[in-house]
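Below: the structure, in structure tokens.
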Amino acid sequence: MILDQFFKGQSGVNSWYAPALLDHAQDARANGEYEDFFASGKARLIKVDDKNLIEFSSHKVAAGTSYSSDCIFIGKIKDEYWFAKRDEIKTGVALRDAELSDAELQAATSAIAILNWWDRAKYCPECTGEIKPRHGGFEGECEACNKLHFP
């Protein structure tokens, strides 16, 4: 099967060639505004299990919900803010089998990639200190030597 046929969004646009819809919102990462986004009532959460099966929250994150540091801020698509977390899920689907819009595909792909990086980036290769997330999870900082790490 040709890969182009493998990932086809519901919009009918071939997702490999679709325009980038996901804004990583770097300014919001740098100033911590992403934590407010989580509580805004416009946040969506993608859960990814340890086998990289995904589950989209059928509802948006409830307004007023506090941000948890185990969530990664994926970015903004139109007027929604996307987050991801590694979690046990009941009805997950593999990315290749999911029927997703182009926006959902871009958010899910980013979610899986960043969560997999965090699974492998727990310790600094320079000093073996523990790496802690910064800027919504798209950056890590070693607690021992302060070296910055990126996926």
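Less than 5 angstrom separates the built amide H of Glu139 from those of Arg134, all sequence-distant by 5 or more or on a different chain. Residues whose amide H comes within less than 5 Å of that of Ser40, counting only those at least five positions distant or on another chain, are Gly64 (H built at 1.01 Å from N in the peptide plane). For the range 60-73, the Karplus equation 6.51 cos²θ - 1.76 cosθ + 1.60, evaluated at θ = phi - 60°, returns couplings of 5, 5, 4, 4, x, 5, 6, 5, 10, 5, 7, 9, 10, 7 Hz by residue, with Gly and Pro reported as x.
The magnitude of the dipole of the range 16-98, with charges of +1 and -1 set on the Cβ of Lys/Arg and Asp/Glu and taken from the Cα centre, is near 220 debye. Exposed loop positions in the chain were taken to be trypsin sites (Lys or Arg not before Pro) whose DSSP state is not H, G, I, E or B and which have at most 12 other beta-carbon atoms within 10 angstrom. Between these positions, the longest stretch is 1-50.
Computed with a 1.4 Å probe over protein heavy atoms only, the accessible surface of the range 10-151 comes to 56 Å² per residue.
Take the Cα of Val93, step 7 Å toward its Cβ, do the same at Trp117, and the gap between the two points is 2.7 nm. Overall, the chain carries a charge dipole of about 140 debye about its Cα centre when +1 sits on the Cβ of Lys and Arg and -1 on the Cβ of Asp and Glu, all other atoms neutral. When the charge dipole of the chain is built from unit charges on Cβ atoms (+1 for Lys and Arg, -1 for Asp and Glu) and taken about the Cα centre, the candidate among Ala63, Thr91, Gly41 whose Cα reaches farthest toward its positive end is Thr91. Amide H contacts of Ile74: Trp82, Phe83, Ala84, each under 5 Å away and 5 or more positions distant or on a separate chain (H built 1.01 Å from N in the peptide plane; Pro and chain starts excluded).
Exposed loop sites were defined as GluC sites (Glu not before Pro) in DSSP loop states (anything but H, G, I, E or B) carrying at most 11 other C-beta atoms within 10 Å; in the chain the longest segment without such a site runs 1-87. Counting only protein heavy atoms and a probe of 1.4 Å, the accessible surface of the chain is 49% carbon and sulfur.
Binning the alpha carbon pair distances of the chain at 10 angstrom intervals from zero yields the distribution 11, 37, 35, 14, 2, expressed in whole percent.
Backbone geometry of the range 27-36 corresponds, through the Karplus equation with coefficients 6.51, -1.76 and 1.60 at θ = phi - 60°, to 3J(HN,Hα) couplings of 4, 5, 5, 5, 9, x, 4, 4, 5, 5 Hz, x marking Gly and Pro. Phi-derived couplings, Karplus 6.51 cos²θ - 1.76 cosθ + 1.60 at θ = phi - 60°, listed residue by residue for the range 79-95: 10, 10, 10, 9, 10, 9, 8, 7, 7, 6, 10, 8, 10, x, 9, 5, 3 Hz, with x used for Gly and Pro. Each of Asn116, Ala144, Phe73 was placed along the dipole of the range 66-151 (beta-carbon charges, centred on the mean Cα), and the one lying farthest toward the positive end is Ala144.
Note on the range 84-151: Rg/Rh from Cα positions, Kirkwood definition for Rh, rounded to two decimals, is 1.09.
The values are calculated or read from the model by the stated rules, or taken from the named source; none is laboratory data. As the structure is a prediction and not an experimental result, all values here were calculated from the model. Don't worry about glycine lacking a Cβ; one is built from the backbone with ideal geometry, like all the others, and counts go over all protein chains shown. With ligands, DNA and RNA removed, areas are computed over all heavy atoms of the protein, side chains included. Shrake-Rupley method; radii C 1.70, N 1.55, O 1.52, S 1.80 Å.
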